[in-house]
Amino acid sequence: MKAYQDASLAPVRRAKALLEEMTLAEKIGQLNQRLYGFRIYERKCVNGEDTIELSEEFCQEVEKYSGLGVLYGLYRADPWADKNYETGLTGVLSKKAYNQVQRYVLEHSRLGIPVMMSSECPHGHQALDGYLLPVNLLAGATFDPAMVRAAYRVSGRQLQNMGVDFALMSMLDVLRDPRWGRSEECYSEDPYLSARMAEAAVIGMQESGPEVVAKHFAAQGEGTGGVNASAARIGERELREIHFPPAAAAIKAGAKGIMAAYNEIDGVYCHANRWLLNDVIRKEMGFDGIVMSDGVAIDQLDSMTGDNVVSGALALQSGVDVGLWDEAFGKLEEAVRRGLVKEAQIDQAVLRVLTLKFERGLFEHPYLEEEGEIHMDYAQNPESVQLAREGLVILQNKNQGLPFWENQASGKKIAVVGPNADDLYNQLGDYTPPLRRDDGITVLDGMKLIFKESDIRFSQGCYLRKRDENLLKEAVDTVKNSDIVICVLGGSSSRFGGASFDTNGAALLDNAAADDKGTLMDCGEGMDCSDLELPDAQLELLKALKETGKTVIAVVICGRPLVLTQVCELADGVILGFYPGPRGGQAIAEVISGRVAPSGRLPVSLPRSTGQVPVYYNYKNSYRAMTYMDEEAGPLFPFGYGLGYGTFEWGACSLSTERCNVAALENKGLTISFSVKNTSERGGYIVPQIYVTDVAASTVRRVKELKAFQKVWLDAGQERTVSLQLGKEAFCLWNQKMKYVAEPGVFQIELSDSAQTIWKGEFTLCI
């Protein structure tokens, strides 16, 4: 028995032994993820039984490298993949397909090396019957990392059951410009909140089995003009303060993969940035997993190198271990012959891949049990809808029009109007598979579940981006004969309206699903916007409804921070729901009815106008917040804002100490304690947040920074004491020598909720 075949040995020792047996071609094969997994098979019916036939391209790839390192997207289903319930993998067939692929690879691998599977999981599994969650931006609005962890634990169980080794999960991008189409993939504009959510997502997913590839590193959320994959025009300190914390948190939580970002920083692409991919994540953050390329990103280095072979060598030398759909990594053998890379550098990357394969137990257990269900029932796994409930944000509630209690609804007619009222795909977000209709609940469905169905009237009112005189008239007539109006507006990241796609799956602008009804994918990858207002057709509809004199509740479902100035002027109540997922309509109806106490807080700032962006709360103290002569200062709604239905009485607040030295702070931390009482007749949430301001420092500091938060439920009449802890890191900065230190001085401590200051105090850090 060879050493690598001995299961009693440590994975890294087995990997080193196996590496010694491999040819250069076999090594390079382990670093390649060139194939689109959804294209390597064709589903056929033979003698009444569903089977798959593997493609010649797949067979040739395995033959070329005597194996296969990683296969992307075997289960992926969406319009780009051209897989649906008729052509894609469902149920037991999914497991049979996995086994068939794995068997072919093993039988055509000289050394018997199994393949690892990677799958998209930006907000649940992008597969047929994949368990879907609300998008990250809504998850961030929950301010509840424990709930995020629980939701990804469910998703992880499904992925593990399907043999997925790598879940490709969006979590590292911090949103600094809402014009960016991928805003929905970010947890927040704030690095601390983003880091806590990234940490929770990694732990939740890996508790169930699959490893996490956290994406994207780094600063993709700060692209020039909000344009996807554009340059991040920032310096090292901004990187360290804003964009590195989520990656550090993900790595500390145990993420086994990091995906590099498309953008460049100061003239160097992330995929060619050895400082980022080696010095920062490996030497500083202690990362020991694999660095994966983003789709065709290594080939895009050709714009800098002019030579695809050089591009592959440069990416490898810079720290990329595994490619994705590129040609360049397939040419690493030529790069060795030309002296561009040494085989020892290839060995280093291969060792990481092989070690993970041994850690995953693939050599001993390469196949799946083919029994058992794939589908995760949403009723039995309510984590998805619970995330939606907690992430809905009440922005406005004039005259306490919300909630519309069920006992108040008796005998009253409710008009549900708007282009997003009954469109399931418009509430799901990008990276979404086809969905069984029974798995989804739209807002209209949700209202019918809670209120008397005979009292519900529906009218579309307009298309997403196009007016229709007949639809508008019909909506107005419906509203005139109703007592309350729920107007569901917003945008869409749906790929299901006829979009075309680039080689990396991003939507193309030429015909991004624009049809004769004005159904347009206006958010998602590739869909950057210069205007953040709702389309004119929707604003016209809202204005017409308001003119009827009825109470109008506006529900905005979208994937980015929008300009809602006109919406707030026209509507009595405003609920913001970043794509709330398949059961989002149920969550919205529950909040409208008062069955669920709203608790969402804005994870981003909402601008007053498009010209005001970028706007965020934690700007530098070197300038005033985005202030213009023709615009009111400050955002329309700030970070951390969100209304509830209850009232709370906040009591005295105190610090465990008002001054101490760095050693004492590191040892004991600083505790902020306060009392709070629910003075309402119903239970509800508070979301206390602690902000720190460095009064005087060696570098320019931010006006304030979130450093702690907690979501707390209080029953009606309940009073309790809450304590939040700050450690040394809450008072650290990157000084002029780019050292992370806590400088002595005075710090302001602020306790707030819903962007309202509850208490302010001072803390002094001594030498």
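The values are calculated or read from the model by the stated rules, or taken from the named source; none is laboratory data. Owing to the predicted nature of the structure, the values given are computational and were not obtained by experimental measurement. FYI the Cβ positions are ideal-geometry reconstructions off the backbone, even for glycines, and counts take in every protein chain you see.
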In segment 274-294, residues that are buried (at least 23 other Cβ atoms within 10 Å of the Cβ) and of a type in the set (Lys, Arg) total 0
In the set Gly577, Gly573, Gly584, Gly594, the lone residue that is at positive phi and either without any contact (Cβ under 8 Å) to a residue 60 or more places away in the chain or among the small types (Gly, Ala, Ser) (or both) is Gly594
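Residues checked against (1) in the same structural domain as Leu332 (by TED's automatic domain parsing); (2) at pLDDT below 95; (3) under 16 Å from the mean Cα position of the chain (by Cα); (4) not in a helix (DSSP H, G or I):
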| residue | (1), (2), (3), (4) |
| --- | --- |
| Asn228 | yes, yes, yes, yes |
| Arg237 | yes, no, no, no |
| Met259 | yes, no, yes, yes |
| Asp279 | yes, no, no, no |
| Asp302 | yes, no, no, no |
Quick count over segment 430-461, residues being at positive phi and either assigned to a helix (DSSP H, G or I) or out of contact with any Gly (no Cβ under 6 Å at 6 or more places or on another chain) (or both), is 1
> Do we have any residue at all in segment 719-726 that's over 15 Å from Cys653 (Cβ atoms) and in contact (Cβ under 8 Å) with a residue 12 or more places away in the chain?
Replying inline: no
By residue number, the members of segment 364-388 that are crowded, with 20+ Cβ neighbours inside 10 Å and at positive phi are none
For segment 597-611, indicate whether the set of residues that are part of a strand (DSSP E or B), in contact with a strand residue (DSSP E or B) (Cβ under 6 Å, 6 or more places away or on another chain), in contact (Cβ under 8 Å) with a residue 12 or more places away in the chain and not acidic (Asp, Glu) is non-empty. yes
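Identify all residues within segment 696-735 that are among the charged types (D, E, K, R) and either outside any strand (DSSP E or B) or within 21 Å of Gly140 (Cβ to Cβ) (or both); write none if there are none. Don't jump to the end; show me each part of the working.
Of the residues in segment 696-735, the ones among the charged types (D, E, K, R) are 701-702, 704-705, 707, 711, 715, 719-720, 728-729.
Result: Arg701, Arg702, Lys704, Glu705, Lys707, Lys711, Asp715, Lys728, Glu729.
Out of Arg13, Arg110, Arg34, Arg43, I need the residue that is part of a loop (DSSP other than H, G, I, E, B), among the charged types (D, E, K, R) and surrounded by 14 or more Cβ atoms within 10 Å (Cβ to Cβ). Which one? Step through it out loud before you land on a result.
Numbers: Arg13 fails: part of a loop (DSSP other than H, G, I, E, B); Arg110 fails: surrounded by 14 or more Cβ atoms within 10 Å (Cβ to Cβ); Arg43 fails: part of a loop (DSSP other than H, G, I, E, B).
The unique qualifying residue is Arg34.
Among Tyr425, Tyr431, which is the only one that is crowded, with 16+ Cβ neighbours inside 10 Å, among the aromatic types (Phe, Trp, Tyr) and in contact with a Phe, Trp or Tyr (Cβ under 6 Å, 6 or more places away or on another chain)?
Values: Tyr431 fails: in contact with a Phe, Trp or Tyr (Cβ under 6 Å, 6 or more places away or on another chain).
Result: Tyr425 is the single residue among Tyr425, Tyr431 that is crowded, with 16+ Cβ neighbours inside 10 Å, among the aromatic types (Phe, Trp, Tyr) and in contact with a Phe, Trp or Tyr (Cβ under 6 Å, 6 or more places away or on another chain).
Yes or no, residue by residue, for (1) closer than 22 Å to Ser293 by Cβ; (2) in contact with a Pro (Cβ under 7 Å, 6 or more places away or on another chain); (3) surrounded by fewer than 23 Cβ atoms within 10 Å (Cβ to Cβ):
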residue	(1), (2), (3)
Ala219	yes, no, no
Gly225	no, no, yes
Asn228	yes, no, yes
Ala231	yes, no, yes
Arg240	no, no, yes
Phe244	yes, no, no
Ala250	yes, no, no
For segment 167-183, pairs from a residue that is more than 23 Å from Lys256 (Cβ to Cβ) to a residue that is part of a strand (DSSP E or B) and among the hydroxyl-bearing types (Ser, Thr, Tyr), with Cβ under 7 Å and 6 or more apart or across chains, are none
Of the residues in segment 530-550 that are surrounded by fewer than 19 Cβ atoms within 10 Å (Cβ to Cβ) and in contact with an Asp or Glu (Cβ under 9 Å, 6 or more places away or on another chain), the one that is modelled with the highest pLDDT is Leu539
Q. Quick check: is even one residue across segment 544-555 touching a residue at least 60 places away in the same chain (Cβ under 8 Å), under 26 Å from the mean Cα position of the chain (by Cα), over 21 Å from Ile686 (Cβ atoms) and assigned to a loop (DSSP other than H, G, I, E, B)?
A. no
When restricted to Leu332, Leu324, Leu316, the only residue more than 16 Å from Cys270 (Cβ to Cβ) and either at pLDDT 95 or above or in a loop (DSSP other than H, G, I, E, B) (or both) is Leu332
